[in-house]
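Before any comments, here is the structure.
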Amino acid sequence: MTRSPEILIDSRFWAEERVFFENAWIMNPLKALFFSYGGYLNLPVNAATLIARWCVPLIYAPYVTMCIGLLFQLLPTYLLLTAKDKWLSSFKIRLFLALLLLFVPESLEISLQSLHIQFHLTLAAAIILLLDTSSGNQRYFRISILLLTTLSGVMSIFLVPLYLLRCLVDKDPLRFEQFTILLIGNIIQFVFFYQSFHDRQYHFSVTDFLSIFFVKNLYIPFLGNNSLSNPYLLYLKSLITTQQIPIFACCISIAVLLIIIYCFYKYPKTRQASYLLGYNLLNLALATFGAIGPTAWFFEPYFNQRYAFINQSLMCILLGYFMYALPKKGQYICILLSILLLIVNCHNFYHLVSHSYGVIPWREQIKIWKHNPNMNLEIWPKGWFIKLPVHHQTGT
């Protein structure tokens, strides 16, 4: 809200939230709750738009999905700040993690809306994998997160083998409980809701994968989106479009991955963080394969932020874990890298183009709509509309 105050002032629905809110407006509530869009069930956005439809006047409906989205945005950081794990006992590490998760990941596309709650939930599920198990209320809170994650999208499918691996290593009944919930939820998602979606590319290339890793996990976090860094992104895009191999980007990605793997080998204390790297790579492979639109979009400035958010967040948490687990010299390097990331990304965080330009505030549109129910209601970003049927005007 501080970087785009017009969101708070004008309120908003975002892009495909249109589909879900229209469904909440015209469908039977139970049918709308389990509506499948984009090839999978996204239960949180179905529920959020139903609440927005039935619990408040239409003029305030976008604020409901914004507030629900904000609560889930805070979830990953909340899990880290309230955990009792030894590696999180230092205030310095907690502070760095909170700041890194706030400023570094590309998040404008998934902020303050319910459509992409699935990305925050999936990140939370990956964090739960890293954290020690907990009893009491925390135990049930975490398994609820895991179940909801599986019913919000398909990204948690690659967490299943990692949870199984941790079960075998830890031999902890509570970890087995988490694995079971995650497995059952994914079975429900893939058996009853999942289907191929025609707009997805369903194409994978190792060189594309390494190039995207370089751009989204290294180049943009350390250099930002700006007039100096963006020309190289467009150059990489031209290489991908013409099916050439970005040799430099691929080599840097391989070198960084080898350095991280060497740390796992050399310093046993760091090895638990290998779950973060493992899911980072698996999730990036899934995003690369199943992204909507061509691979070249990953290299377009400000595009495909949702596909980068989880991986960038996991790299931040990995950096925080290394602050705890590496020897002193390695810790200092991680602190310096964190400071550099914060300097670059504090600027990047606020130096953004508004997505609301040209969209009339929602409240003004509703006043007009009440007199002309046939009009389309504009939503963010510009060019998206909601059409509410005339014969469903009750509760406005």
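The values are calculated or read from the model by the stated rules, or taken from the named source; none is laboratory data. Keep in mind it's a predicted model, so treat the numbers as computed, not measured. FYI the Cβ positions are ideal-geometry reconstructions off the backbone, even for glycines, and counts take in every protein chain you see.
Among the residues of the range 176-188, are any assigned to a loop (DSSP other than H, G, I, E, B) and either of a type outside the set (Phe, Trp, Tyr) or touching a Lys or Arg at 6+ places or on another chain (Cβ under 7 Å) (or both)? Let's see the steps before the verdict.
Kept after step one, since they are assigned to a loop (DSSP other than H, G, I, E, B), are these residues of the range 176-188: none.
The answer is no, given that none of the residues of the range 176-188 is assigned to a loop (DSSP other than H, G, I, E, B) and either of a type outside the set (Phe, Trp, Tyr) or touching a Lys or Arg at 6+ places or on another chain (Cβ under 7 Å) (or both).
List every residue pair whose Cβ atoms lie under 6 Å apart, where the two residues are 6 or more positions apart in sequence or sit on different chains, the first residue falls within the range 204-230 and is under 14 Å from CYS251 (Cβ atoms) and of a type outside the set (A, V, I, L, M, F, W, C), and the second residue, located anywhere, is modelled with pLDDT of 95 or more and not in a helix (DSSP H, G or I).
THR207/ILE245; SER211/PRO246
With over 15 Å from ILE386 (Cα atoms) and crowded, with 17+ Cβ neighbours inside 10 Å as the only criterion, which of ALA52, ALA47 stands out? Don't jump to the end; show me each part of the working.
Working: ALA52 fails: over 15 Å from ILE386 (Cα atoms).
Unique residue meeting the criteria: ALA47.
Mind checking which pairs have a first residue in the range 68-85 that is more than 16 Å from GLY320 (Cβ to Cβ) and a second that is surrounded by 15 or more Cβ atoms within 10 Å (Cβ to Cβ) and of a type in the set (S, T, N, Q), Cβ under 7 Å, 6 or more apart or different chains?
Short answer, once both residue conditions are applied: ILE68/SER114; GLY69/GLN113; GLY69/SER114; GLN73/SER111.
Could you please tell me which pairs satisfy a Cβ distance under 6 Å, a separation of 6+ or placement on different chains, a first residue in the range 372-396 that is on the phi > 0 side of the Ramachandran plot and in a loop (DSSP other than H, G, I, E, B), and a second residue that is exposed (fewer than 13 other Cβ atoms within 10 Å of the Cβ) and modelled with pLDDT of 90 or more?
Hits for this filter: zero, empty list.
Search the range 287-306 for residues being surrounded by 19 or more Cβ atoms within 10 Å (Cβ to Cβ) and in contact with a Ser or Thr (Cβ under 8 Å, 6 or more places away or on another chain), and hand back the single one that is farthest from GLN243 (Cα to Cα).
GLN305
Restricting attention to the range 158-212, and to residues there that are closer than 19 Å to PHE141 by Cβ and of a type in the set (D, E, K, R), which single residue is surrounded by the fewest Cβ atoms within 10 Å (Cβ to Cβ)?
Applying the filter and picking the extreme gives ASP172.
Take the conditions farther than 17 Å from LEU101 by Cβ and touching a helix residue (DSSP H, G or I) at 6+ places or on another chain (Cβ under 7 Å) and apply them to ALA287. Does it pass? Break it down into steps so the answer makes sense when it comes.
On the way: farther than 17 Å from LEU101 by Cβ: yes; touching a helix residue (DSSP H, G or I) at 6+ places or on another chain (Cβ under 7 Å): yes.
For ALA287, the condition - farther than 17 Å from LEU101 by Cβ and touching a helix residue (DSSP H, G or I) at 6+ places or on another chain (Cβ under 7 Å) - is met.
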